[in-house]
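The values are calculated or read from the model by the stated rules, or taken from the named source; none is laboratory data. Quantities reported herein were computed from a predicted structural model and do not represent experimental measurements. Cβ placement follows ideal geometry from the backbone for every residue including glycine, while neighbour counts extend to all protein chains displayed. Quick note on the areas: whole protein, heavy atoms, side chains included, nothing else; ligands and nucleic acids left out. Shrake-Rupley method; radii C 1.70, N 1.55, O 1.52, S 1.80 Å.
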Amino acid sequence: MTKTYEELKKRLAAIHDVRMARAILGWDQHTKMPPKAGAIRAEQLGTLDRLSHELFISDEIGGLLEGLRDYEEGLDSDSIEARLLHVTRRDYEKARRVPSELRAEMTRAGSIALSAWIEAREKSDFSIFLPYLKRNLELQHEYIACFDGLGYETAYDVLLDDFDEGMKTTEVQAVFDELKRDLIPFIAELGERSDRVDDSSLHGNFPIETQRSFALEVLERIGFDHESWRLDPTVHPFAMSAATTDIRLTTRYVETELAVSLFATIHEFGHGFYEANVDPALERTPLSQVSSMSLHESQSRMWENLVGRGLPFWRFFYPRLQSAFPSQFGDVELDEFYRAINKVQPSLIRVEADEATYNMHVILRFELEQQMLSGELALEDLPEAWNARMAEYLGIDVPDDARGVLQDVHWSGGAIGYFPTYSLGNVVSVQLWEQLRAEIPDLDSQFERGEFGELAGWLRENLHRHGRKYTSREMLERITGDSMDPAPYLRYLREKLGEIYGLPVEAGAAA
């Protein structure tokens with residue numbers, strides 16, 4: 001049996017290598033690739049996806065899995081071997097239902113759509129992107145049809161399951177209903193006190209090279225390793241890894257806005273740090289790539305907001321920021337800066353949104369995706385529907401497509417079902433945060449000294465090292481003893497922002 005298991009691992013490692021080669025080509029497409037290379041790159045990516053898919057759904061893999069059933073039953077259910085077999089079997093049974101040519105075509109279409117999305121965004125013209133979005137949606141319907149009869153409650157559940165195993169649309173809806181119920185009046189309440197926070201210091205002239213240097217100084221302090229990490233500019237920030245020693249972060253610089261790249265960089269660090277700390281014993285196996293995006297986003301949102309927008313963090317870093325940008329921050333007190341980076345103000349762009357309004361951006365996309373998928377919303381009407389919800393939820397008039405329906409890259413790659421995990425990640429991040437703060441009570445004083453090692457160690461030991469061994473539901477239960485609960489997150493927002501905006505103590509207690 002051990003010989004059979006080792007043969008399975010050997011084959012899975014080869015498949016993993018092909019997938020990582022495809023991932024690096026994808027990273028290059030977003031960062032370094034010449035614009036005219038898009039059509040050929042689409043073919044290359046499609047070929048690699050078809051090849052890895054065919055290798056994985058082969059009868060040989062199926063035979064090895066079948067031959068290991070008795071071996072699997074005798075294993076400790078928490079062991080690497082048992083979890084590897086469980087995850088591989090699940091992936092295999094799901095992948096076998098998807099034709100290789102469909103998998104390749106989904107990749108090709110998404111790659112071609114990326115170039116169209118970039119052009120459409122640059123020209124602020126949704127009509128350029130529309131036919132590509134239509135094609136992606138057609139392919140999503142073909143993909144969903146592969147899972148008929150498997151008990152999914154809705155078509156959206158099929159896609160959501162790809163980004164967070166076992167997650168149901170009804171579960172997401174329940175969380176989002178609670179967020180909407182609390183956040184809409186809370187945002188309005190803060191809006192009545194908007195004059196209490198001045199963020200003018202964040203707008204001005206911030207040379208890009210200085211932004212990059214300062215961002216790297218921050219990253220190096222919290223865990224960036226120049227021997228195995230990269231930081232590159234792109235249109236829409238993302239992070240990817242090809243190994244625990246090959247972490248690729250990206251960011252977007254705006255010369256007149258410091259916060260855009262600064263917090264995007266910290267956000268993507270959270271993703272990279274997660275994958276860099278997966279147990280090396282899981283390398284080149286299906287367990288090495290974390291597929292629960294609510295867990296992944298909990299890490300990016302934790303580093304961006306709970307750490308990076310926290311006062312203890314800036315008690316250490318703010319003097320360094322003042323040295324980097326003396327004319328902008330030399331006369332700005334730390335408290336004023338802290339309030340500025342936490343200003344609540346409805347805005348157009350999701351990735352630049354404050355902690356309170358951010359979730360309304362996500363809920364908007366979640367609702368539109370379901371309508372797109374069901375056919376209730378014609379894609380030609382998507383910009384109008386987008387703009388109407390922005391007005392309803394955030395009171396904002398959208399001036400153009402670039403700052404509206406075209407702002408996110410996800411739909412160009414066919415990633416419908418991903419958006420909800422951002423807000424689920426917000427919720428999970430605070431549940432984890434409360435647990436780790438209970439176990440590390442002097443966390444704030446450590447941050448004030450520029451020490452982040454104990455936080456990193458806790459995250460590595462309790463979450464990161466496990467890779468994909470457990471679902472988000474299982475992982476949250478193991479760490480906190482609870483299921484997903486938005487109450488701690490809403491309490492955190494009320495307490496933090498209530499203090500900044502001087503809300504009555506009674507209002508905070510009511511949350």
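Return one number: the angle in degrees, 0 to 90 and rounded to the nearest 10, between the long axis of the Cα atoms of helix 453-462 and the longest principal axis of the Cα atoms of the chain.
Rounded to the nearest ten degrees, it is 30.
Could you name the aspartates and glutamates in cross-link range of Lys36, using Cα to Cα under 14 Å and dropping any fewer than eight places away on the same chain?
Output for Lys36: Asp28, Glu119.
Which is farthest toward the positive dipole end of the chain among Trp458, Leu160, Leu51, measuring Cα position about the Cα centre, with Cβ charges +1 (Lys, Arg) and -1 (Asp, Glu)?
Looking along the dipole axis, the top candidate is Leu51.
For the Cα atoms of the chain, what angle does the longest principal axis make with the long axis of helix 169-191, in degrees from 0 to 90, nearest 10?
Computed tilt is about 10 degrees.
Assuming a ≥ b ≥ c are the square roots of the Cα gyration tensor eigenvalues, decide whether the range 435-497 counts as rounded (a/c under 1.5), prolate (otherwise, with a/b larger than b/c) or oblate. Mind showing how you got there, number by number?
Numbers: a/c = 2.58, a/b = 1.15, b/c = 2.24.
Note, shape of the range 435-497 comes out oblate.
Placing unit charges on C-beta atoms (Lys and Arg positive, Asp and Glu negative, everything else neutral), compute the dipole magnitude of the range 128-208 about its Cα centre in debye, rounded to 20.
The calculation lands at about 360 debye.
Less than 14 Å from a label point 7 Å out along the Cα-to-Cβ axis of Asp225: which backbone N atoms in the range 438-473 qualify, by residue?
457, 460, 465
Report the calculated FRET efficiency for Thr47 and Lys10 (r = Cβ-Cβ distance, R0 = 25 Å), to the nearest 0.05.
So, using R0 = 25 Å, E works out to roughly 0.65.
Rank-order 433-442, 315-324, 98-107 by packing density, defined as the average count of other C-beta atoms within 10 Å over each peptide's residues, highest first.
In decreasing order of mean packing, 433-442, 315-324, 98-107 become 98-107, 315-324, 433-442.
With every protein chain kept in place and ligands, DNA and RNA left out, what is the accessible area per residue of the range 208-313? Probe 1.4 Å, answer in Å².
29
Return the FRET efficiency for the residue pair Glu209, Glu122: r is the Cβ-Cβ distance, R0 is 22 Å, and the value is rounded to the nearest 0.05.
0.40
Which of the peptides 257-266, 33-42, 150-159 is most tightly packed, and how do the rest follow, going by the mean number of other Cβ atoms within 10 Å of each residue?
257-266, 150-159, 33-42
If you average the sequence gap of Cα pairs under 8 Å that are 6 or more apart and divide by the length of the chain, what percent do you get for the contact order? List each step's numbers first, then the result.
Details: 695 pairs, mean separation 97.7, N = 511.
Once divided by the residue count of the chain, the mean separation gives 19 percent.
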